[in-house]
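Chemist: Here it is: the structure, laid out below.
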Amino acid sequence: MNFGAEERSLLAGLADILIPSGDGLPPASDAGVAGEGLDQVLAFRPDLGAGLKKLLGQAANRNSEEFVAQLRSSDPAGYGLLTELVPAAYFLNPQVREKLGYHGQGPRPIDARTDALDESLLQAVKNRGPIYRPTPK
Amino acid sequence: MSASVTESDPDVLIVGAGPTGAVAARRFVQAGMKVVVLEQGDWPDYSKARAGHPDFELTAGRYWSGNPNRRQAAADYPIEDSDSDISAVLYNAVGGGTVIYAAHWQRNMPSDFRVRTLDGVAEDWPLSYEELEPYYERVEADFGVSGLAGDPAFPSGKPLPLPPAPLGAMGRRVARAHDRLGWHWWPAPNAIATRAYGPLNACTQRAACMWGCVEHAKGSVDLTHWPQNIRAGVRLVTGARVRRLEINSQGLVTGAVYVDRNGVEHFQRAAVTVLGANGIGTPRILLLSASSRFPGGLANSSGLVGRRLMMHPFGTVVGLFDEDLGSTHGLWGQHIHCLEFYETDSARGFVRGAKWGLQPTGGPLSMTRDYPWGADNAIWERDFHKQLRKRLGHSAMWGIIAEDLPEQENRVVLDPALKDADGIPAPKLLYRMSENSRRLLQFHLERARESLVAAGAVETVIAPLIRETGWHLLGTATMGTDRAASVVNAWGCCHDVPNLFVFDGSIWPTSSGMNPTATIAALALRCAEQLVEGRRHQKVPA
């Protein structure tokens with residue numbers, strides 16, 4: 001599904017309400033949420049396209065802040081779509097991920113030496129004894 | 001359609017290839033029985049498991065979503081849930097719910113089987129913890145369960161097959177806090193391989209357990225059971241959605257009418273039929289199988305088919321810590337569990353209790369979602385980045401499984417209008433959280449908050465009830481000894497139809513406050529064993 005410049009501009013305005021700049025990180029629009037980010041999201045989740053198209057149609061000629069507030073209060077599905085799509089596009093940006101120090105859900109194998117349980121930690125629990133009610137006779 | 005069963009027909013037809021069907025099919029085929037299984041879904045597509053890729057958190061919400069209304073796959077049926085406080089979560093595929101479960105492997109406690117005797121509510125189970133214990137041990141070996149023996153919350157027993165998951169920084173913090181508070185904690189049991197085990201590889205702590213385990217480290221039955229079952233001779237038919245069960249003039253089930261993915265109707269005959277289609281799918285099939293002989297639904301002379309739906313209201317408490325806990329990763333899964341407040345204390349103003357499991361919170365997109373943070377705790381707008389950094393990698397979550405008592409009016413019915421893609425009436429949920437459950441959950445959320453504060457949390461975030469967490473679907477074809485007050489007996493045999501069995505979570509008289517797969521699997525094995533032992537005397541269609 002294609003989105004034109006006007007729709008992308010609308011999306012950028014809405015996205016910046018949800019994710020403004022701060023803490024050394026750019027606002028959503030500067031991170032390409034309405035540009036490459038949107039294209040990437042829709043490539044992974046084409047099912048989100050129709051809902052977004054409809055939502056942006058409703059947002060035309062509206063104040064972005066008021067529109068987001070209205071979605072939040074009266075359109076849970078639309079608000080849910082926007083709050084899924086915008087951060088998803090934002091966090092796909094490699095610079096954003098780098099600034100967050102987040103490198104994805106890569107493997108962290110269990111290390112039998114460093115991850116071994118210190119069983120002395122359990123002594124206090126054991127000392128308190130059973131806490132279950134046995135089956136009545 | 002022939003009403004008679006011939007030697008070429010299977011001894012057993014199982015509906016559903018989730019944990020119930022997997023465990024039962026294994027036992028039947030081991031006993032030399034001919035087994036056919038109908039599953040409306042397909043094999044899970046692990047090429048869609050994206051942990052490690054940038055789109056993981058985004059795509060996880062589609063293919064691996066547990067809500068069939070959101071997933072809308074070809075295998076799914078819609079569930080009308082507008083009159084329910086909780087949305088059902090399930091997975092229609094080979095492996096069933098275990099494909100997307102968090103693999104918290106909790107046995108029930110002895111008191112869970114004696115709630116009437118001990119707490120004066122609901123019904124006792126027609127079996128005891130001690131009767132089920134040997135079956136727990138056997139299924140734990142099959143699922144590759146990790147954990148540590150000696151937990152004082154349970155009777156002592158044999159060691160689990162695999163060592164426990166690492167406590168991690170968050171687990172150590174909370175464990176020390178509980179020792180100071182004098183509260184229970186223990187390294188948690190999980191059906192997650194902490195080292196290579198049979199068909200399972202070792203876990204690599206990607207916190208992706210519910211959204212496609214790329215390592216094949218989670219004990220889901222598409223890995224632990226079905227390939228072996230098929231090699232042993234079980235015939236598994238995928239894309240097969242059961243429309244109804246057929247009954248002969250003697251009141252015995254002759255088999256199931258099912259629709260394949262091309263919309264073509266088939267009839268599968270069998271001597272005995274076992275339902276393992278979960279607490280919604282099973283009553284749906286029984287209600288769809290109404291006939292002149294069984295006008296209120298098959299096996300429903302008690303009127304209890306579909307009633308007493310229990311879904312475990314679920315809340316979370318998340319602690320935010322100054323320390324980097326590395327909580328983007330870990331087992332999802334649980335690192336430790338707490339059963340300090342599991343048993344009834346009447347001074348609290350409610351009966352029964354809840355289990356807590358300590359979990360990581362995942363990557364950045366997860367920091368913005370209702371699960372685990374709650375719909376009222378969103379971080380958008382002005383403080384977005386500040387809140388994001390406070391959460392990401394610095395948070396630990398107690399997930400709280402609250403026991404739900406059986407209420408007659410909480411139920412599954414057939415929706416009068418909504419249908420699935422094959423034109424079969426869809427289930428509708430009528431469910432309201434009871435006052436006991438509300439009080440119970442509130443109490444536990446407050447204690448869990450105290451736990452995390454004691455562990456050093458600088459801030460806590462409470463999600464009192466998360467809607468899309470109806471993972472545990474229980475009680476809708478309850479078992480008991482009184483045929484007027486139950487649907488099946490203690491071995492899952494329907495009182496009204498002697499060659500029809502229900503083995504899944506539908507038959508639980510009460511829900512416990514535990515994740516149910518351990519008990520679902522153990523119970524399925526116990527029921528299957530009884531059917532095998534009694535097969536010479538089993539009534540079957542002539």
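Taken together, the values in this text are just the output of simple stated rules run on the coordinates, not laboratory data. In this text, all values refer to a predicted model and were calculated from it rather than measured experimentally. Note that each Cβ is placed from the backbone with ideal geometry, even for glycine, and that neighbours are counted across all protein chains shown.
Chemist: Select from the range B:262-282 the residues that are out of contact with any helix residue (DSSP H, G or I) (no Cβ under 7 Å at 6 or more places or on another chain) and of a type in the set (S, T, N, Q) and write down the one among them that is farthest from B:Tyr91 (Cα to Cα).
Modeler: Here the answer is B:Gln268.
Chemist: Please determine, by comparing only the residues of the range A:45-55 that are facing another protein chain (nearest Cβ under 10 Å) and in contact (Cβ under 8 Å) with a residue 40 or more places away in the chain, which one is farthest from B:Gly61 (Cα to Cα).
Modeler: A:Pro46
Chemist: All but one of (1) crowded, with 20+ Cβ neighbours inside 10 Å; (2) more than 24 Å from B:Cys494 (Cβ to Cβ) hold for B:Gly239; state the number of the condition that does not hold.
Modeler: Only one criterion is unmet by B:Gly239, namely (1).
Chemist: Now, a different point. How many residues, within the range B:183-233, are crowded, with 24+ Cβ neighbours inside 10 Å, part of a loop (DSSP other than H, G, I, E, B) and more than 14 Å from chain A (Cβ to nearest Cβ)?
Modeler: The number of residues fulfilling the criteria is 4.
Chemist: Assuming B:Val305 fulfils every condition listed in (1) touching a Pro at 6+ places or on another chain (Cβ under 6 Å); (2) farther than 30 Å from B:Arg27 by Cβ; (3) of a type outside the set (D, E, K, R) apart from one, which condition is it?
Modeler: (2)
Chemist: Restrict the check to the range B:144-161 and report whether at least one residue is surrounded by fewer than 18 Cβ atoms within 10 Å (Cβ to Cβ), part of a helix (DSSP H, G or I) and not charged (D, E, K, R).
Modeler: Scanning the range B:144-161 turns up no residue that is surrounded by fewer than 18 Cβ atoms within 10 Å (Cβ to Cβ), part of a helix (DSSP H, G or I) and not charged (D, E, K, R).
Chemist: Output the residues belonging to the range B:100-135 that are of a type in the set (S, T, N, Q) and crowded, with 21+ Cβ neighbours inside 10 Å.
Modeler: B:Gln106, B:Asn108, B:Ser111
Chemist: Okay, next question. Being more than 24 Å from the chain's Cα centre (by Cα) and either within 30 Å of B:Leu388 (Cβ to Cβ) or charged (D, E, K, R) (or both), is that true of even one residue in the range B:435-445?
Modeler: no
Chemist: Residue check, A:Gln95 against (1) surrounded by 13 or more Cβ atoms within 10 Å (Cβ to Cβ); (2) closer than 20 Å to A:Ile19 by Cα; (3) within 20 Å of the chain's Cα centre (by Cα), all met but one. Which one?
Modeler: Exception for A:Gln95: condition (1).
Chemist: I'd like to verify a number: residues in the range B:492-512 that are of a type outside the set (Gly, Ala, Ser), assigned to a loop (DSSP other than H, G, I, E, B) and over 20 Å from B:Pro110 (Cβ atoms), how many?
Modeler: Qualifying residue count, the range B:492-512: 7.
Chemist: Which condition does B:Val89 not pass, out of (1) over 20 Å from B:Asn410 (Cβ atoms); (2) among the aliphatic types (A, V, I, L, M); (3) out of contact with any Cys (no Cβ under 9 Å at 6 or more places or on another chain), if it passes all the others?
Modeler: Status for B:Val89: all satisfied but (1).
Chemist: For the range B:468-505, give me each residue that is surrounded by 24 or more Cβ atoms within 10 Å (Cβ to Cβ), of a type in the set (S, T, N, Q), in contact with a strand residue (DSSP E or B) (Cβ under 7 Å, 6 or more places away or on another chain) and within 26 Å of B:Gly120 (Cβ to Cβ).
Modeler: The answer is B:Thr476, and nothing else.
Chemist: Specify the residue that is surrounded by the most Cβ atoms within 10 Å (Cβ to Cβ); the eligible residues are those in the range A:16-36 that are away from chain B (no Cβ under 11 Å) and touching a Phe, Trp or Tyr at 6+ places or on another chain (Cβ under 7 Å).
Modeler: So, considering only residues that are away from chain B (no Cβ under 11 Å) and touching a Phe, Trp or Tyr at 6+ places or on another chain (Cβ under 7 Å), the one surrounded by the most Cβ atoms within 10 Å (Cβ to Cβ) is A:Val33.
Chemist: Report yes if B:Asp142 is more than 9 Å from every other protein chain (Cβ to nearest Cβ), touching a residue at least 12 places away in the same chain (Cβ under 8 Å) and of a type in the set (D, E, K, R), otherwise no.
Modeler: Against the criterion (more than 9 Å from every other protein chain (Cβ to nearest Cβ), touching a residue at least 12 places away in the same chain (Cβ under 8 Å) and of a type in the set (D, E, K, R)), B:Asp142 qualifies.
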